[in-house]
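What follows draws every value from the coordinates through simple rules; no lab data is involved. Everything numeric in this text was worked out from a predicted model, so none of it was measured. Using ideal geometry, Cβ is built from the backbone for each residue, glycine included, and neighbour counts are taken over all protein chains shown.
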Amino acid sequence: MMKDLYRGEVFYLLASPLEHAEAYRYFEDGGLVVVEGKIVEAGPFEAMRSRYPDFPVTDYSGKLITPGFIDSHIHFSQSEILGMYGKQLLDWLDEYTFPAEEAFSSMAYARDIARFFVKELLKNGTTTCAAYTTVHSVSVTALFSVASEYNMRILAGKVMMNRNAPDYLVDTTRQSESDCRSLIEEWDGKGRNHYVITPRFAITSTPDQLACAGRLHVEYPDTYIQTHLSENQGEIESVLSLYPGHTDYLDVYERAGLLTDRSIFGHCVHLTEREYKRLGEAGGIIAHCPTSNLFLGSGLFDMKEANRYGIRTTLATDVGAGTSFSMWRTMGEAYKIQQLNGYPMTVLDAMYKCTLGSARALSLDDRIGNFLPGREADFIVVDYATTPVQKKRMEYLRSRDKWTIENKLFGLQTLGDDRNTVSTYLMGKRVYGSDPCDHQEASM
């Protein structure tokens, strides 16, 4: 039997900090008890050691132990095109995204990028993600296959796209439905894999293809839906010209049956009051992608307004228009955007939106997102101070008795990246990083 006791600064959330003052648990000298890949309990280290005296101790004293990050919107097929000169959204798709995705018709190529993608996620402390693949079925199989090797929870699906894209990337409604049905039957609910019905966005799908996507979700209600919504003003204008008679962009998806409590809408930068209202009422999920919105000049997402309507909002990298796999950097850029909006977003809220908040939005909080008993042991170990600047900041705060958990986390949010990841664990198994005792690198 695999049984372990991990020692370190244990932190996790129990509720939204916007709703509860005591929304988190923090044990400065904490213990996390794991048996057979599941959390047994977390608490003060000495208490855990006395209750489990025969459990081997892995000592990460002084390091943060926290649930792994959940990235709710990312394109695995765009891993190679980070940092390309951006222009605006529609130009960027034509110049970089579509040409890059052509190569994913090859299983060998798709598996190679999938392995790179999964390794980058784990290096950055992301243990679950909702990923776009390409129009090719083999790209889905490649990603699910590689993720399964690591026992990583992945939400993914084939992109449905039958117009306004290069000929080498378009499918048909009938082919798309057939491919999705086969992939759902093969992968959804198998191991830690979840299928996501994925019409790229309204511009690249005809009304009948969007309606097909809606029917597939009705037939397979355990699936998720993901697409893009109101990322860019030019995009919105194009959608409304392609779908005359619709009230707004969201109305296009709603009429097709794609607005549900399992629907993830990327970006949502330029929503109307009606769209905010309907997203809140229907339980739709917003994936806020700050580095991407800044990089492509899309606009400033209004977190305060989304909160006002009770919309379940998550944080996401949107690699490759997003400029980093790091959720720390994503949190930092989200903070800056909300500062410009006059809304000082707290670090606790940021942490919630990429751990427990995302898990709740995805109806996975009974399995991941915090350290309550029975949850899967997907967690990361983080060093607060791996750079000279971080060390100086730590020394300064300690000298003034302000080295609090909020300041520790805010420093990571502002200055952190993959260099701060000590180890990443999936179901209690270390899949990235080094053992604190022998400093031997885990197999990847």
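Rounded to the nearest 0.05, what FRET efficiency do Arg51 and Ile405 give with R0 = 35 Å and r taken as the Cβ-Cβ distance? Could you check?
Working: r = 24 Å, r/R0 = 0.68.
E(calc), rounded to 0.05, equals 0.90.
For a bin width of 20 Å, list the pair-distance distribution of the chain built from all Cα-Cα distances, rounded to whole %.
Values per bin, smallest distances first: 27, 58, 15, 0.
Distance between the C-alpha centers of the stretch 161-193 and the stretch 17-34? Whole Å please.
Taking the Cα centre of the stretch 17-34 as reference, the centre of the stretch 161-193 is 41 Å away.
Using 32 Å as the Cα-Cα cut-off, could you pick out the over-long pairs in Lys87/Lys158; Lys190/Lys277; Lys38/Lys336; Lys3/Lys190; Lys119/Lys336?
Long pairs (Cα-Cα over 32 Å): Lys190/Lys277; Lys38/Lys336.
Going by C-beta contacts inside 10 Å, put Ile285, Ile74 in order with the fewest on the left.
Placing the least packed residue first, the sequence is Ile74, Ile285.
What nm distance separates the two modelled labels at Thr247 and Met107, each placed 7 Å from Cα along Cα→Cβ?
If labels sit at Thr247 and Met107, their model points lie 4.7 nm apart.
Where does each of Leu415, Leu362 land when they are ranked from fewest to most other beta-carbon atoms within 10 angstrom?
On the way: Leu415 19, Leu362 24.
Fewest-to-most ranking of Leu415, Leu362: Leu415, Leu362.
Using per-residue counts of other Cβ atoms within 10 Å, averaged over each peptide, order 313-325, 29-41 from highest down.
Result, highest mean first: 313-325, 29-41.
Can you work out the FRET efficiency for the pair Arg25 and Arg419, with r the C-beta to C-beta distance and R0 = 25 Å, to the nearest 0.05?
Here the calculated transfer efficiency is 0.40.
May I ask for the net charge around Ala103, where only other residues with Cβ less than 14 Å from the Cβ of Ala103 are counted and Lys, Arg are +1 while Asp, Glu are -1?
Taking every Cβ under 14 Å from that of Ala103, the sum is -3.
Add -39500 (n - 2.57) for each DSSP H run of 4 or more in the chain, then divide by its residues: what number comes out at 222 nm, to the nearest 500 deg cm²/dmol?
Mean residue ellipticity at 222 nm (helix-derived): -10500 deg cm²/dmol.
I'd like the antiparallel share, as a percent to the nearest 5, of DSSP beta bridges with both residues in the chain.
Percentage antiparallel, nearest 5: 45.
What list do you get for Trp92, Trp328, Trp403 if you sort them by fewest beta carbons within 10 Å? Write out the running numbers ahead of the final one.
Details: Trp92 21, Trp328 26, Trp403 17.
If I rank by nearby Cβ atoms, fewest first, I get Trp403, Trp92, Trp328.
Among Tyr432, Tyr396, Ala334, flag the residue with its Cα farthest along the positive direction of the charge dipole of the stretch 331-444, charges on Cβ as +1 for Lys/Arg and -1 for Asp/Glu.
After comparing all options, I get Tyr396.
Only four residue types carry charge here, +1 at the Cβ of Lys and Arg and -1 at the Cβ of Asp and Glu. Report the dipole size of the chain about the Cα centre in Debye, rounded to the nearest 20.
880 debye
Along the charge dipole of the stretch 41-164, which of Pro53, Asn151, Ile74 sits closest to the positive end, that is, farthest toward it, with unit charges on the beta carbon of Lys, Arg, Asp and Glu (+1, +1, -1, -1)?
The listed residue farthest towards the positive side: Pro53.
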